[in-house]
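The values are calculated or read from the model by the stated rules, or taken from the named source; none is laboratory data. Computed from a prediction, not measured in an experiment: that's the story for all the values here. Please note: Cβ atoms are built from the backbone with ideal geometry, for glycine as well, and neighbour counts cover all protein chains shown.
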Amino acid sequence: MSKTFNPYAAPDSLFTEVQSELVEIELATIGQRVLARIIDALILGFAQLVLAIIVIVVAFLVGALSLPQLEAIAGGAFSVQVEDDYSLFSLNLFDPILYIGIVITHGLFLALHGVFLHRFGQTIGKRILKIAMVDADTYEIVPLPRLFVLRYLIWDIPALFYPLVNWIIRIVDLAFGLREDRRTLHDMTANTIVIKVAHAPNYNAPTLDRLGRKAQSRGTHKVV
């Protein structure tokens with residue numbers, strides 16, 4: 001049976017149809033965020049180990065490493081050595097090894113997580129736990145350069161100075177995530193929040209994102 005046209009009925013609105021999806025943004029718990037970071041750290045550590053093995057094997061095959069040197073490296077990998085001059089107050093600013101480590105670590109980080117960060121605002125750990133990073137104002141995906149530089153790279157700067165300062169900043173950063181808005185210091189520098197994906201906007205629908213911004217301007221978003 002055909003639907004009778006009613007000239008006095010309110011017009012259909014796409015905004016009304018999707019408004020229920022946009023009313024509530026649920027923040028990720030601090031436990032989810034810590035667990036995601038642990039997963040990412042384990043994945044990164046494994047990738048670093050594989051890369052180191054590949055480099056050593058290739059160096060040996062091309063003759064850059066002798067058998068005694070290879071044995072020494074293998075033996076050193078299973079021993080724990082603490083340098084006598086190591087201190088929580090040592091200045092790392094002029095240590096080239098630290099800069100090389102930062103470049104390699106972040107290069108691997110982008111290789112592992114770059115596509116997920118660009119498309120979904122997630123690392124592998126966050127994707128497993130179904131949480132994502134979005135802009136704190138628009139709830140949209142954050143551009144990769146902004147995420148990488150302001151949320152990750154600049155937070156290696158404290159490591160260039162004193163280890164103690166670096167650890168204090170890391171702890172304070174985590175403590176900020178215990179507040180009601182659950183925003184850490186690195187959330188603030190990148191202007192992000194971490195939300196549960198089940199409450200995230202449909203990133204593949206520009207119309208929905210536009211309506212999301214419209215809903216936000218009308219105060220219909222509620223962050224919990």
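Name the one entry in 146, 179, 151, 127 that is without any contact (Cβ under 8 Å) to a residue 12 or more places away in the chain and either surrounded by 15 or more Cβ atoms within 10 Å (Cβ to Cβ) or within 18 Å of the chain's Cα centre (by Cα) (or both).
Working: 146 fails: without any contact (Cβ under 8 Å) to a residue 12 or more places away in the chain; 179 fails: either surrounded by 15 or more Cβ atoms within 10 Å (Cβ to Cβ) or within 18 Å of the chain's Cα centre (by Cα) (or both); 151 fails: without any contact (Cβ under 8 Å) to a residue 12 or more places away in the chain.
Step by step, each of 146, 179, 151, 127 is checked, and only 127 is without any contact (Cβ under 8 Å) to a residue 12 or more places away in the chain and either surrounded by 15 or more Cβ atoms within 10 Å (Cβ to Cβ) or within 18 Å of the chain's Cα centre (by Cα) (or both).
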Of all residues making up the stretch 24-46, the number that are surrounded by fewer than 16 Cβ atoms within 10 Å (Cβ to Cβ), of a type in the set (A, V, I, L, M) and more than 15 Å from residue 132 (Cα to Cα): 3
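Of the residues 10, 74, only one is among the aliphatic types (A, V, I, L, M), modelled with pLDDT under 90 and in a loop (DSSP other than H, G, I, E, B); which? Spell out the reasoning first.
Values: 74 fails: in a loop (DSSP other than H, G, I, E, B).
Only one candidate passes the filter, namely 10.
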Residue hits (the stretch 123-168; among the acidic types (Asp, Glu) and assigned to a helix (DSSP H, G or I)) are 156
Being closer than 30 Å to residue 182 by Cα, of a type outside the set (Ser, Thr, Tyr) and modelled with pLDDT of 90 or more is true for just one of 35, 51, 88, 22. Which residue is that? 35
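Suppose the filter is surrounded by 13 or more Cβ atoms within 10 Å (Cβ to Cβ), within 21 Å of residue 39 (Cα to Cα) and not aromatic (Phe, Trp, Tyr); does residue 194 pass it?
On the way: surrounded by 13 or more Cβ atoms within 10 Å (Cβ to Cβ): yes; within 21 Å of residue 39 (Cα to Cα): yes; not aromatic (Phe, Trp, Tyr): yes.
Here the answer is yes, as residue 194 does meet what is asked.
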I'm told residue 171 meets every condition in (1) part of a helix (DSSP H, G or I); (2) at pLDDT below 90 except one. Can you identify the failing condition by its number? (2)
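Is the stretch 133-146 home to any residue that is touching a strand residue (DSSP E or B) at 6+ places or on another chain (Cβ under 8 Å) and farther than 12 Å from residue 191 by Cβ?
If we filter the stretch 133-146 for residues that are touching a strand residue (DSSP E or B) at 6+ places or on another chain (Cβ under 8 Å), which is where we start, we get 133-136, 139-142.
If we keep only those that are farther than 12 Å from residue 191 by Cβ too, we end up with 141.
Checked against the condition, which is being touching a strand residue (DSSP E or B) at 6+ places or on another chain (Cβ under 8 Å) and farther than 12 Å from residue 191 by Cβ, the stretch 133-146 yields at least one hit.
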Given the conditions (1) surrounded by 10 or more Cβ atoms within 10 Å (Cβ to Cβ); (2) at pLDDT 80 or above, report the number of the one that residue 61 does not fulfil. (1)
